[in-house]
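The values are calculated or read from the model by the stated rules, or taken from the named source; none is laboratory data. Just so you know, these numbers come straight off a predicted model, no measurement behind them. As a convention, Cβ positions derive from the backbone with ideal geometry for all residues, glycine included, and neighbour counts pool all protein chains shown. Each accessible area value is taken on the protein alone, full model and side chains, heavy atoms only, with ligands, DNA and RNA left out. Shrake-Rupley method; radii C 1.70, N 1.55, O 1.52, S 1.80 Å.
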Amino acid sequence: QVQLVESGGGLVQAGGSVRLSCAASLNIGSIYDMGWYRQAPGKQRDLVATITGEGSTHYADSVKGRFTISRDNAKNTVYLQMNSLKPEDTAVYYCNANRQNGLGEVLYAYWGQGTQVTVSS
């Protein structure tokens, strides 16, 4: 059974930084796209950042310039460095791994259990 285990969440003051990690039990290699999503209370789960197997990144407008996604394929781990945090960044952050075919169709998708990040004002 594939597992994604997030860590690094917690309570931080506005303006502070947090680094999230997501360790995968599968070999993500260069074939799994990885991403971070977040869900605030009463809201839908939204994309935060993604990184392809080749290292191309994409960010939600709300986090551009503040968050950085990276991956270490040798460690099967993806990271999210979050700087200049704001209270509105408060949410449960989820890690995602997915593999697509040549047509962009998702063949496999996995989610972590989530880690809480709370930003106090």
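Checked against (1) in contact with a strand residue (DSSP E or B) (Cβ under 6 Å, 6 or more places away or on another chain); (2) on the phi > 0 side of the Ramachandran plot, Asp33 passes all but condition (2). Of the strands (runs of 3 or more DSSP E) that lie entirely inside region 41-121, those containing 1 or more residues that are open to solvent by 50 Å² or more (accessible area, probe 1.4 Å) and over 20 Å from Arg19 (Cβ atoms) span 45-51, 91-100, 106-111.
Lys43: under 16 Å from the mean Cα position of the chain (by Cα), farther than 19 Å from Gln3 by Cβ and among the basic types (Lys, Arg), yes or no? Judged against the criteria, Lys43 is not a match. Residue pairs whose Cβ atoms lie under 6 Å apart, sitting 6 or more positions apart in sequence or on different chains, and linking a residue in region 87-99 that is among the hydrophobic types (A, V, I, L, M, F, W, C) to a partner that is at pLDDT 95 or above and not in a strand (DSSP E or B), are Ala91/Ala40; Val92/Gly114; Cys95/Gly112.
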